[in-house]
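Encoded as structure tokens, the structure appears first; notes follow it.
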Amino acid sequence: MKTVCLWLVMGVCVGTFSAQAQHPGWLDQKFKTDPGADSVVFGVDYTSEGKIYIAGTFTHVDGIVKTRLARLHSNGELDTSFNCNIDGSVFDLIVLNDDSVLIAGDFTSAGGVAVNRLARILPTGQYDSTFNIGSGFNLNVFDIAVTPDNHIIAVGAFSTVAGVARPYIARLDMFGNVDMTFPVDAPDSFIWEVCAAPDGTLYIAGQFTTIGIVPRQGFARLQADGAIDSFFNPFGINMPPEAIAVSPYGGIYIGGDFTTVNSTPINRLARLNTYGSLDNSFVVGTGPNATVQDIALQTDGKIIIAGDFTAYNGAGPSYCARIDSSGTRDTNFYNFTGNIGNTIEAVRVLPGGAVLLGGHMTNVGFFAANGYCRLMGDRTVMNDFDGDGYTDIAVYYGNVGDWYIRASSDGQLMDGAAINWGWGGAVPVTGDFDTDGKTDLGVYDRSTGTWYIRPSMSPQIVATNFGWSGAIPVVGDYDGDRVMDLAVYDRNAGNWYIKNIMQDTVEVINWGWAGAMPVPEDYDGDGKTDIAVYYPTTGTWYIRGSGGYIDVRNWGWAAAQPVPWDYDRDGKADIAVYHAAAGKWYISYFNGQSQEYDWGGPTSLPACGLYNASTFENITTYSPLDGTWSVWPAYTTATWGWVAAWPVWLQFWINDYYGYWSQG
């Protein structure tokens with residue numbers, strides 16, 4: 001094979017690939033949805049461990065009695081250990097930081113305890129007796145929110161809480177005590193929607209026409225203390241919103257069944273400015289053709305809308321759509337034959353970008369999905385050779401250049417045989433170079449600095465010289481165009497050389513020095529690979545974010561191996577080290593928290609990836625002694641490899657630094 005590739009260097013130059021859509025918005029078929037729930041799901045949320053709560057009017061899930069509240073494993077399987085009977089409809093739920101869950105609705109008992117319309121349920125399924133609101137709410141609670149200072153806001157049709165007059169809106173602490181000072185002024189009719197903004201202000205929508213004595217036609221903003229915000233004055237909304245979302249990028253999104261905002265024609269979806277005026281830069285065309293029931297925000301500024309519409313601006317699949325910041329429907333999202341089978345009531349964006357839906361649906365396209373489902377996000381998954389959204393187990397036999405890939409879609413050997421693409425002295429470099437949603441095979445010749453890419457989309461072979469003997473390949477999407485860039489790191493001078501294969505340009509950046517190890521990842525979550533180095537002598541990380549920030553942190557020591565990865569799937573890579581001698585992982589999450597895990601041992605190598613359906617990135621090790629892959633948190637193992645075969649992982653150079661990589 002090497003002779004063939006050397007001929008290609010002379011005859012083939014790097015060309016522009018024709019981009020194809022990836023698969024964001026497609027049904028995640030690894031997430032179990034059949035038989036699913038036997039009635040409507042009104043609320044969905046997820047825990048820190050990746051489990052999922054669903055709530056609504058159902059009485060069975062997967063054929064098992066689960067009345068109106070159930071918990072699923074991260075792969076959609078019913079968690080039969082969680083049992084909590086609710087005697088009436090649940091309209092909303094929120095998972096709290098301790099993984100207990102708040103539920104609100106029209107019930108009068110939860111977990112066998114008499115409690116009216118608002119309850120907190122422990123992860124065990126028991127009613128949390130420390131949450132005590134006395135006689136509770138006298139009528140329905142339609143929606144709840146948790147403020148930044150950990151207060152609960154409840155809205156609905158009620159007029160009293162714990163026997164105290166609190167018409168339509170109330171604030172409680174985490175023990176269920178009613179705040180007697182909130183609100184300052186009460187609305188004159190019921191509220192069906194509340195949204196707590198990051199600054200503590202509250203957006204409410206419903207049938208009211210005044211807040212105290214201040215006119216507000218079905219939509220208002222309250223200050224953190226519950227007083228009406230007189231500066232926020234939307235007008236001319238002919239029907240109150242049914243969905244509200246406050247974007248960190250600026251603007252307030254509203255959805256519903258309205259057709260005018262600020263007396264301007266606009267159908268069912270709009271973006272407002274800070275003081276409530278219509279943002280005319282958000283252009284929806286004819287917009288959704290029916291009600292928007294819920295809105296969820298992605299970290300990149302796009303929004304997911306869901307409801308009972310069957311078109312957006314005259315086109316598109318039914319009930320769910322993704323909209324960019326200009327108001328245009330994203331045609332790369334959920335753009336395939338077949339629609340979701342009925343109205344969607346709830347949407348949540350999971351860490352990592354997957355989308356969780358709940359509602360009246362019975363199918364997605366041609367697949368059964370009763371009450372709930374999960375759609376794939378557009379986050380790139382490492383070593384996803386078959387394009388199903390999950391990492392495939394793969395080993396590379398460097399002596400002869402053979403790849404053995406176990407496809408996650410069917411568990412079988414991809415292509416039915418070893419794929420010969422390499423030789424002794426070449427190391428694997430993987431990435432989606434042709435943007436078809438599948439990882440492409442590639443090798444880098446360490447002796448000549450030549451790259452040989454085998455695109456999955458086309459038989460065309462791409463080969464180019466970009467590097468030299470001693471340079472370290474550091475593949476990444478450094479410019480955020482969703483095409484992997486060729487890049488090498490000069491371990492002596494600390495220089496990064498990055499080649500944009502779409503534009504055929506080269507950028508040189510100095511960030512590092514002799515002895516520093518390259519650890520590129522997307523640490524700030526902006527979709528661009530950040531330049532970073534790790535200094536093993538001191539265990540210090542030096543990150544040069546693509547957004548302009550610089551982060552220097554000490555996390556590690558000489559015997560620890562850096563394993564940066566997005567472990568909590570919040571879209572931002574976490575700083576982490578693996579101590580093989582002790583079999584321990586030490587992760588410092590982007591949010592400032594840290595965690596230690598026991599997983600591995602002296603003979604195991606790290607091989608991170610998303611190997612199964614989990615909202616927590618899999619911690620994975622590979623044992624070269626027997627070819628065993630061990631994946632946490634699902635505690636699964638697989639044998640795929642042998643003594644001379646090595647795991648395919650983008651950061652092979654880390655293993656090379658520690659002397660683990662021996663081929664060539």
Check your understanding: Which value, in debye to the nearest 20, gives the size of the charge dipole of region 497-544 about its Cα centre, when Lys and Arg are +1 and Asp and Glu are -1 at the Cβ?
Key -> 200
Exercise for review: Roll a 1.4 angstrom probe over the protein heavy atoms and tell me the percent of accessible area of region 467-623 that is carbon or sulfur.
Suggested key: 50
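Estimate the FRET efficiency between residue 598 and residue 98 by the formula 1/(1 + (r/R0)^6), using the beta-carbon distance for r and 35 Å for R0, to the nearest 0.05.
Working: r = 23 Å, r/R0 = 0.65.
That gives a FRET efficiency of 0.95.
Quick one: compute the contact order of region 559-627, relative version, from alpha carbon pairs under 8 angstrom and 6+ residues apart, as a percent.
Values: 140 pairs, mean separation 17.2, N = 69.
Computed over region 559-627, the figure is 25 percent.
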Point to revise | Ranked packing of 548-557, 193-202, most packed first, by mean Cβ within 10 Å | key: 193-202, 548-557
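Would you mind telling me the share, in percent, of accessible area of region 361-400 contributed by carbon and sulfur at probe 1.4 angstrom?
57
Quick check for you: with a 1.4 Å probe and neighbouring chains kept, what is the accessible area per residue of region 295-425, in Å²?
On the way: 4180 Å² over 131 residues.
It amounts to 32 Å² per residue over region 295-425.
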Review point. Could you state the number of Å between the C-alpha centres of region 39-76 and region 426-450?
Key: 41
**Study point:** Inter-label distance for residue 557 and residue 366, nm, one decimal - labels placed 7 Å from Cα along Cα-to-Cβ
**Key:** 5.8
Study note, to complete from the structure: Rounded to one decimal in nm, the spacing of the 7 Å Cα→Cβ label points at residue 130 and residue 492 is 6.1
Check your understanding: With a ≥ b ≥ c the root eigenvalues of the C-alpha gyration tensor of region 175-224, is it rounded (a/c under 1.5), prolate (a/b larger than b/c) or oblate?
Key -> prolate
**Study point:** Segment residue 297-residue 227, length gained on full extension (0.36 nm per residue, minus Cα span)
**Key:** 22.5 nm
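Assuming R0 = 60 Å, what is the FRET efficiency of residue 509 and residue 150, from their Cβ-Cβ distance, to the nearest 0.05?
On the way: r = 43 Å, r/R0 = 0.71.
Once the sixth-power term is evaluated, E becomes 0.90.
Take every Cα pair under 8 Å in region 25-169 that's 6+ residues apart, average their separations, divide by the length, and report that relative contact order as a whole percent. Let's see the in-between values first.
Details: 363 pairs, mean separation 20.9, N = 145.
RCO, region 25-169: 14 percent.
Which value, to two decimals, describes the C-alpha radius of gyration of the chain once divided by 2.2 N^0.38 Å? Intermediate results must be reported in sequence, preceding the final value.
Working: Rg = 26.7 Å, N = 664, 2.2 N^0.38 = 26.0 Å.
Expressed relative to 2.2 N^0.38 Å, the Cα Rg reads 1.03.
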Practice item. Ignoring everything but the protein chains, give the 1.4 Å probe accessible area of residue 151 in square angstrom, nearest 10. Key: 50
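With the other protein chains left in place, how much accessible area per residue, in square angstrom, belongs to region 98-165 at a 1.4 angstrom probe?
Working: 2370 Å² over 68 residues.
Value returned for region 98-165: 35 Å² of accessible area per residue.
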Review point. Which distance in Å, rounded to a whole number, links the C-alpha centroids of region 105-160 and region 329-406?
Key: 34
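Ignoring ligands, DNA and RNA, what accessible area per residue does region 448-587 give at 1.4 Å, in Å²? Don't jump to the answer; show the numbers that get you there.
Working: 5010 Å² over 140 residues.
Averaged over the residues of region 448-587, the accessible area is 36 Å².
Kindly rank 236-246, 590-600 from highest to lowest mean number of other beta carbons found within 10 Å of each residue. Please report the intermediate quantities before stating the final value.
Values: 236-246: 20.7, 590-600: 13.5.
Highest to lowest by the protection proxy: 236-246, 590-600.
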Practice item. Would you work out which of 456, 609, 591 lies farthest towards the positive end of the dipole of the chain, given +1 charges on the beta-carbon of Lys and Arg and -1 on that of Asp and Glu, about the Cα centre? Key: 456
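For region 216-340, what's the relative contact order in percent, using C-alpha pairs closer than 8 Å and at least 6 residues apart?
17
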**Study point:** Extension gain from residue 412 to residue 636, taking 0.36 nm per residue of separation minus the Cα-Cα distance
**Key:** 79.0 nm
Check your understanding: Taking 0.36 nm per intervening residue step and subtracting the Cα-Cα distance, what contour gain separates residue 217 from residue 81 on full extension?
Key -> 44.4 nm
Revision key, fill the gap. Counting only backbone N atoms under 14 Å from a point 7 Å out along Cα-to-Cβ of residue 239, the residues of region 249-284 in range are 255-261, 266-270
Exercise for review: Tell me the Kirkwood hydrodynamic radius of region 390-438 in angstroms, computed as one over the mean inverse distance between distinct C-alpha pairs.
Suggested key: 11.7
Revision key, fill the gap. Net charge near residue 154 (other residues with Cβ under 15 Å of its Cβ; Lys, Arg +1; Asp, Glu -1) is -2
Review point. What is the spread of the Cα atoms of region 88-218 along each of their three principal axes, largest first, in whole Å?
Key: 45, 29, 24
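Using the Cα centre of the chain as the reference point, and only Cβ charges (+1 on K/R, -1 on D/E), how large is the resulting charge dipole? Debye, rounded to the nearest 20.
Numbers: 34 positive and 68 negative charges, 23 e Å.
Value, rounded to 20: 120 debye.
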Practice item. List the pair-distance distribution P(r) of region 442-527, using every Cα-Cα distance, as the percent of pairs falling in each 10 Å bin from 0 up to the bin containing the longest distance, rounded to whole percents. Key: 17, 48, 30, 5
Practice item. Could you tell me how many degrees, from 0 to 90 and to the nearest 10, lie between the Cα long axis of helix 2-11 and the main elongation axis, the longest principal axis, of the Cα atoms of the chain? Key: 80
Exercise for review: Take the alpha carbon atoms of region 276-325, find their center, do the same for region 504-565, and report the distance between the two centers in whole angstrom.
Suggested key: 38
**Study point:** Cα lying deepest toward the dipole's positive end in region 89-248, options 170, 223, 130, charges on Cβ
**Key:** 170
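The values are calculated or read from the model by the stated rules, or taken from the named source; none is laboratory data. Keep in mind it's a predicted model, so treat the numbers as computed, not measured. Every residue, glycine among them, receives a Cβ derived from its backbone with ideal geometry; neighbour counts consider all protein chains shown. Calculation scope for accessible area: heavy atoms of the full protein, side chains included, ligands and nucleic acids excluded. Shrake-Rupley method; radii C 1.70, N 1.55, O 1.52, S 1.80 Å.
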